[in-house]
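One structure below.
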Amino acid sequence: MTKTKNTKCYYCGSEDFEERRVRYIYSRENNDLFIPDMPADICLNCGMVYYHGSALLKVEQRFKAIQKHQEQPDRYATMPVMDYAS
Ligand SMILES: [Zn+2]
C-alpha cells in the first residue's frame, strides 16, 4: 500500500497512513451530495479518516455549481454520483 508523505495523525500521533477511497456525504442547506469514492488518508493505528483538502474543495465547488444551475428539484433527489478518483 502507498504511504502518504509526512502526515501525522492528530489523534494518536501515528505516521502510518493508507490512502483509500471512502464514501462521503456533503450536506449543506438540506441537500446531500453523495461521493462514493472520495480519496482519503486512513490512520492505520486508530482508523481516523482524513479527507484530502483538494478533494473537499472539488466537492464544494461541484455542490455550488449544481445549486446554481438547479432548475428541476427532482434531479437533486437522485444525488449525482461523481468520480473524484482523478
Ligand atoms: Zn491515528
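The set of residues in region 33-72 being in contact (Cβ under 8 Å) with a residue 40 or more places away in the chain, touching a Phe, Trp or Tyr at 6+ places or on another chain (Cβ under 7 Å) and farther than 15 Å from T7 by Cβ consists of L33, I35, D37, M38.
Under the condition of being under 19 Å from the mean Cα position of the chain (by Cα), within 11 Å of the ligand (Cβ to nearest atom) and either modelled with pLDDT of 95 or more or open to solvent by 100 Å² or more (accessible area, probe 1.4 Å) (or both), the residues counted in region 10-22 number 1. Going through (1) part of a strand (DSSP E or B); (2) among the β-branched types (V, I, T); (3) surrounded by 17 or more Cβ atoms within 10 Å (Cβ to Cβ) one by one, I25 falls short only on (3).
Condition first: modelled with pLDDT under 90, away from the ligand (no atom under 16 Å from the Cβ) and not small (G, A, S). Can you find one or more residues in region 45-58 that meet it? Checked region 45-58: no residue is modelled with pLDDT under 90, away from the ligand (no atom under 16 Å from the Cβ) and not small (G, A, S). When region 36-51 is limited to residues that are open to solvent by 40 Å² or more (accessible area, probe 1.4 Å) and farther than 10 Å from C9 by Cβ, the one that is farthest from the chain's Cα centre (by Cα) turns out to be V49. Within the option set L33, L56, being assigned to a helix (DSSP H, G or I) and out of contact with any Gly (no Cβ under 8 Å at 6 or more places or on another chain) holds for one residue only, L56. Applying the set (1) part of a loop (DSSP other than H, G, I, E, B); (2) at pLDDT 60 or above to M79 leaves exactly one unmet item: (2).
The values are calculated or read from the model by the stated rules, or taken from the named source; none is laboratory data. As the structure is a computational prediction, the values presented were derived from the model and not from experiment. Positions of Cβ are generated from backbone atoms using ideal geometry, with glycine treated the same way; all protein chains shown enter the neighbour counts. Areas reflect the complete protein model, heavy atoms only, side chains present, ligands, DNA and RNA absent. Shrake-Rupley method; radii C 1.70, N 1.55, O 1.52, S 1.80 Å.
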